Amino acid sequence: MSLQVRDLNISYKIGKGSIRAINRVYFQLEKGDSLGVIGETGSGKTTIANAIMRALPENAEYSGSIFFNNKDILKMDQETYRKEIRWKKISIIPQYSMNAFNPIKRVGEQLVKIMMENDSNIDTSKASERIFYLFNQLSLPPEIYKKLPDELSGGQRQRVVIASALLLDPELVIADEPTTALDVINQARVISLIKREIVDKQKTLIYITHDIAVVAGVAKKVLTLYAGEIMEFGDSRKIFKEPLHPYSKGLLSSVPDIRFGKVKKVHYIPGDPPDLSKEIKGCPFAPRCSIAKDICKVEKPKLRYVDGRYVACHLVGGEENGQ
Ligand SMILES: Nc1ncnc2c1ncn2[C@@H]1O[C@H](COP(=O)(O)OP(=O)(O)OP(=O)(O)O)[C@@H](O)[C@H]1O
């Protein structure tokens, strides 16, 4: 598996104007990589996921490429993507599992249908064998197979969604805020199952979240996104230990640490993200950045390779990325 996102730009047309949701995004993942995508609400995380899933809404306009195993999926027609890629090669665990299922059909029946529609070599007995195997892996009781979606708890439903994403053994799984609707116990359970069934099995994972602490536990790489632009991208241990971009620093210092009976002082980044319907000349973070210089307000910083990661900041030195 290889995923190369190259110069991705996505905007949404609204009325006479448009929202520039993604700007010049580049990143690359290989088999076994796990990437945490973090950033405030509206930073463009779901837009990236939808672009990879070929599920952008009608009002989206895009340019750039997303090479998946060397084929540009943005240039593929919808039908080819649906037949060859969706479920089989790339799948998604969406934010709200409620919407993922038909409320009047039994869970097992719906999972069998996904499998049979996407793989002509599979019959009902092979499909149910795979489903029971995944239920077992995800600590779901076999009775779930015959239940209606509404008869499951939130945590069970989200685990069934994980099972559905894994049914056809895809190479890349995108988890978009998969634990938002769950209590902390179920959050921890779902996260550890995602780690065990996706990361530890050498599949590639893109994990989208507001929750930085989760990324630290799941992802080997991290990408901080702000106003649709990459601020920092690279090895998560390096970035968590010593973030270089002022935005990554701000995000990390906003994580509460209540361990060992001590409550660390939580900082927040004053101000709000910019209005994406207006042109942003310099670094989008400059108006909120406590160390911004004049250049930051007028010139976009390039992504530079610095100390083992890419950083887009005029005030952090290093080699240019060349992209
Ligand atoms: N269909 C749409 N039409 C117009 N604007 C949209 C559309 N979808 C998203 N946007 C805008 O694009 C920007 C990026 O949205 P996106 O949902 O990708 O962000 P996000 O980081 O996933 O946010 P959240 O964390 O809240 O899910 C936001 O300004 C959002 O309002």
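The values are calculated or read from the model by the stated rules, or taken from the named source; none is laboratory data. Quick caveat, the model's predicted, so the values are computed rather than measured. No Cβ is skipped: glycine too gets one built from the backbone with ideal geometry, and neighbour counts run over all protein chains shown. Just so you know, the surface numbers come from the protein's heavy atoms only, side chains and all, with ligands and any DNA or RNA stripped out. Shrake-Rupley method; radii C 1.70, N 1.55, O 1.52, S 1.80 Å.
Of the conditions (1) more than 13 Å from the ligand (Cβ to nearest atom); (2) among the aromatic types (Phe, Trp, Tyr); (3) open to solvent by 20 Å² or more (accessible area, probe 1.4 Å); (4) over 18 Å from the mean Cα position of the chain (by Cα), residue 62 satisfies every one except a single condition; which number is it?
Among (1) more than 13 Å from the ligand (Cβ to nearest atom); (2) among the aromatic types (Phe, Trp, Tyr); (3) open to solvent by 20 Å² or more (accessible area, probe 1.4 Å); (4) over 18 Å from the mean Cα position of the chain (by Cα), the lone unmet condition for residue 62 is (1).
Across region 68-113, what is the number of residues that are modelled with pLDDT of 95 or more and in contact with an Asp or Glu (Cβ under 6 Å, 6 or more places away or on another chain)?
So the answer is 1.
Would region 214-230 turn up any residue that is over 30 Å from residue 285 (Cβ atoms) and of a type outside the set (S, T, N, Q)? Spell out how you get there, then give the answer.
Looking only at region 214-230, we keep the residues that are over 30 Å from residue 285 (Cβ atoms), and these are none.
No, there is no match, as no residue in region 214-230 is over 30 Å from residue 285 (Cβ atoms) and of a type outside the set (S, T, N, Q).
Which ones in region 13-39 are modelled with pLDDT under 95 and open to solvent by 50 Å² or more (accessible area, probe 1.4 Å)?
15, 16 - these are the residues of region 13-39 that are modelled with pLDDT under 95 and open to solvent by 50 Å² or more (accessible area, probe 1.4 Å).
Could you tell me how many of the residues in region 113-145 are under 20 Å from residue 94 (Cβ atoms) and over 27 Å from the mean Cα position of the chain (by Cα)?
Total satisfying the criteria: 1.
Taking helices (runs of 4 or more DSSP H) that fall entirely within region 223-323, which contain at least 1 residues that are at pLDDT below 95 and buried (at least 16 other Cβ atoms within 10 Å of the Cβ)?
Where helices (runs of 4 or more DSSP H) fall fully within region 223-323 and carry at least 1 residues being at pLDDT below 95 and buried (at least 16 other Cβ atoms within 10 Å of the Cβ), they are 236-241, 246-253.
If we scan region 75-90, do we find a residue that is within 16 Å of the ligand (Cβ to nearest atom) and not in a loop (DSSP other than H, G, I, E, B)?
Filtering region 75-90 for residues within 16 Å of the ligand (Cβ to nearest atom) gives none.
The answer is no, given that none of the residues of region 75-90 is within 16 Å of the ligand (Cβ to nearest atom) and not in a loop (DSSP other than H, G, I, E, B).
Quick one: what pairs do we get from region 181-196, first residue within 13 Å of residue 207 (Cα to Cα), second of a type in the set (Ser, Thr, Tyr) and surrounded by 14 or more Cβ atoms within 10 Å (Cβ to Cβ), C-beta under 8 Å, 6+ apart or different chains?
190/179; 191/179; 194/207
Which fully enclosed strands (runs of 3 or more DSSP E) of region 1-48 have 1 or more residues being more than 15 Å from the ligand (Cβ to nearest atom) and under 17 Å from residue 72 (Cα atoms)? Break it down stepwise before answering.
Details: elements: 2-14, 17-30, 34-38.
Fully inside region 1-48 and qualifying: 2-14, 17-30.
Before we move on, is residue 185 open to solvent by 60 Å² or more (accessible area, probe 1.4 Å), over 30 Å from residue 282 (Cβ atoms) and more than 16 Å from the ligand (Cβ to nearest atom)? Don't jump to the end; show me each part of the working.
Values: open to solvent by 60 Å² or more (accessible area, probe 1.4 Å): yes; over 30 Å from residue 282 (Cβ atoms): yes; more than 16 Å from the ligand (Cβ to nearest atom): yes.
Taking the combined requirement at face value, the residue satisfies it.
Go through (1) among the β-branched types (Val, Ile, Thr); (2) buried (at least 20 other Cβ atoms within 10 Å of the Cβ); (3) within 30 Å of residue 238 (Cβ to Cβ) for residue 180 and report which single condition fails.
Exception for residue 180: condition (2).
For the structure I just gave you, tell me whether residue 175 is outside any loop (DSSP other than H, G, I, E, B), farther than 21 Å from residue 107 by Cα and small (Gly, Ala, Ser).
Considered against the rule, which asks whether it is outside any loop (DSSP other than H, G, I, E, B), farther than 21 Å from residue 107 by Cα and small (Gly, Ala, Ser), residue 175 comes out as no.
Taking interchain pairs and intrachain pairs at least six residues apart, which have beta carbon atoms under 7 angstrom, with the first residue in region 146-166 and more than 24 Å from residue 90 (Cα to Cα) and open to solvent by 10 Å² or more (accessible area, probe 1.4 Å) and the second of a type outside the set (A, V, I, L, M, F, W, C) and part of a loop (DSSP other than H, G, I, E, B)?
146/106; 147/106; 148/103; 148/106; 150/103
Which ones in region 91-121 are part of a loop (DSSP other than H, G, I, E, B) and of a type in the set (A, V, I, L, M)?
Pass one, region 91-121, residues part of a loop (DSSP other than H, G, I, E, B): 94-96, 101-106, 119-121.
Within region 91-121, 104 is the sole residue that qualifies.
Output the residue which, of all residues in region 146-182 that are charged (D, E, K, R) and closer than 24 Å to residue 50 by Cβ, is farthest from the ligand (Cβ to nearest atom). Can you show your working first?
At the first step, the residues of region 146-182 found to be charged (D, E, K, R) are 146-147, 150-151, 157, 159, 169, 171, 176-177.
Add one more test, that the residue is closer than 24 Å to residue 50 by Cβ, and what stays is 157, 159, 169, 171, 176-177.
Values: 157: 20, 159: 22, 169: 27, 171: 23, 176: 8, 177: 7 Å.
Among residues in region 146-182 that are charged (D, E, K, R) and closer than 24 Å to residue 50 by Cβ, the one farthest from the ligand (Cβ to nearest atom) is 169.
Going residue by residue through region 198-212, is there one that turns out to be open to solvent by 20 Å² or more (accessible area, probe 1.4 Å), assigned to a helix (DSSP H, G or I) and β-branched (Val, Ile, Thr)? If you could, list the steps in order and put the result at the bottom.
Taking region 198-212 as the starting set, the residues that turn out to be open to solvent by 20 Å² or more (accessible area, probe 1.4 Å) are 200-203, 210-211.
Filter once more, keeping what is assigned to a helix (DSSP H, G or I): none.
No, region 198-212 contains no residue that is open to solvent by 20 Å² or more (accessible area, probe 1.4 Å), assigned to a helix (DSSP H, G or I) and β-branched (Val, Ile, Thr).
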